[in-house]
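Single-structure report; data block below.
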Amino acid sequence: MQHIDSYDFRGKKAIVRVDFNVPLDENFNITDDTRIRRAIPTLKKVLQGGGSLIIMSHLGRPKKVEDKFSLKHIVGRVSECLGVPVQFADDCQKADAQAAALKPGEALLLENLRFYAEEEGKPRGLAEDASDEEKAAAKKVVKESQKAFTAKLASYADCYINDAFGTAHRAHASTALIAAFFPNDKMFGYLMEGEINAIDNVLKNAKRPLTAIIGGSKVSSKLAVLENLVGKVDNLIIGGGMGYTFIKAEGGKIGNSLHEDELIPQALEIKAKAKELGVNLSLSVQTMVADSFGPDANTQLVPSNAIPDGWEGVDAGPESLEMWKEIILKSKTILWNGPVGVFEIPAFAGGTLQIAKYLAEATANGAYTLVGGGDSVAAVTKMGFADKVSYVSTGGGAMLEAIEGKDLPGIAAIRD
Ligand code: AMP
């Protein structure tokens, strides 16, 4: 693999996988261009190095060609951010002439890769009652044509850059398979490199004590994360809805709080592993409970293991937050993924916002802090702390898979 800083882009065409999957309103205005802006350093590096750009991305989850998922809606903003007029190829498989005509300093954006089933390599349009044989046959067909699809994309360029961390956990044509066409000319973009370094700072080179704060709704969605982290961290704070499964497993009374009985054995295993390894597994001690799941519910603070019937836990109480604050401020490395309460409802968002504040404070004291996951990122942003933590991850699913300890296909394809 190459490094973007030392690669000679002069006269070369670089095909760059970015994640321009930005939110659009009903008039196709971009409502948040963060993903575009974060890819700009990589794109500029190629242009300033004397190369030209073929930019590729997906947008949304189209199952066929659909105008509302067209990347043409964002060409204007990409041009503005990049500072050069960006051309548009309205079919990612028919861009030969436009790619060939690119001169150094010029850029071309390809239409949504997912207009083709071959990008993901998953068959489309199968009847709901298709048999396993039919499914297997359809998969074989799309996998076969995926080779030609990938080869076509690769044929446009001399080198490949992956800067799409958000899709790094997918083995798609543009995120992984294409790398094989550039054995000596493949590299990470700056955003991808930043994400990889951030995860390494936590999982491989952490300064201790290392603390993970994992929140969110369900144990089931983050079981592999908890299982991997318990073997790595000094403190494991489990908050939010998933905490109640652990509290119930310990014999606590959790009222109507969210929980998963079928995961109690796994919760007990994680607790046992923490004990065996001397990891401080910290569960909420005090909970804000509500008598309904809405903004005008009645609330009260109760011990987390004595929640009255008819009430459900919706946020961490001040005693839990004080306890977690102490752990956080004593840590040198902190990973945070998932809210400690029902963050969408402002009355129940206080605990999560507090955690954002403690992370900013820990960072100011010299700790390394990595924040990922939709609600946690929203909390640090809402508090104005996005630049007061060490790193805010752009890839929710990809980050989760990385902290599960998995090798992400998009990363492995460049390193291989
Ligand atoms: P996740 O996608 O797993 O990070 O979970 C985020 C979701 O967890 C958010 O929608 C929160 O509302 C939800 N959540 C957090 N705490 C609770 C709770 N105590 N009860 C129900 N849902 C919760």
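Computed quantities for the displayed model
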quantity: Relative packing of peptides 24-30, 213-219 - highest average C-beta neighbours within 10 Å first; calculated: 213-219, 24-30
quantity: Helix 219-229 axis, angle to the chain major axis (alpha carbon atoms, nearest 10°); calculated: 90 degrees
quantity: q = 0.14 Å⁻¹: log10 I(q)/I(0) that the Debye formula gives for the chain, counting C-alpha atoms only; calculated: -1.20
quantity: Peptide ranges 168-174, 341-347, 393-399, 122-128 listed from the most packed, as the mean C-beta count within 10 angstrom indicates; calculated: 168-174, 393-399, 341-347, 122-128
quantity: Mean separation of Cα contacts under 8 Å, 6 or more apart, over the residue count of the range 13-188: relative contact order %; calculated: 26 percent
quantity: Within the range 197-403, percent of DSSP bridges classed antiparallel, to nearest 5; calculated: 30 percent
quantity: Accessible area (Å², per residue) of the chain, counting only protein heavy atoms and a probe of 1.4 Å; calculated: 43 Å²
quantity: Percent accessible area from carbon and sulfur atoms, the range 67-211, protein chains only, probe 1.4 Å; calculated: 52 percent
quantity: Sequence-separation-based contact order of the chain, relative, with Cα cut under 8 Å and 6+ spacing, percent; calculated: 15 percent
quantity: Fluctuation leader among N184, N235, N298 - the chain, Gaussian network, Cα springs under 10 angstrom; calculated: N298
quantity: Under Karplus coefficients 6.51, -1.76 and 1.60, residue-wise ³J(HN,Hα) of the range 196-212 in Hz, glycine/proline x; calculated: 5, 4, 4, 5, 4, 4, 8, 8, 10, 10, 5, 7, 9, x, 9, 10, 10
quantity: Exceeding the 19 Å Cα-Cα cut-off - candidates K139/K406; K357/K388; K94/K135; K45/K406; calculated: K139/K406; K94/K135; K45/K406
quantity: Antiparallel DSSP beta bridges within the range 13-188, percent to nearest 5; calculated: 5 percent
quantity: Of all DSSP beta bridges in the chain, antiparallel share, percent nearest 5; calculated: 20 percent
quantity: Interchain or long-range residues, amide H under 5 Å from I307's placed H; calculated: K253, I254, G255
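The values are calculated or read from the model by the stated rules, or taken from the named source; none is laboratory data. In this text the structure is predicted, and so the values were computed from the model without any measurement. Please note: Cβ atoms are built from the backbone with ideal geometry, for glycine as well, and neighbour counts cover all protein chains shown. Each accessible area value is taken on the protein alone, full model and side chains, heavy atoms only, with ligands, DNA and RNA left out. Shrake-Rupley method; radii C 1.70, N 1.55, O 1.52, S 1.80 Å.
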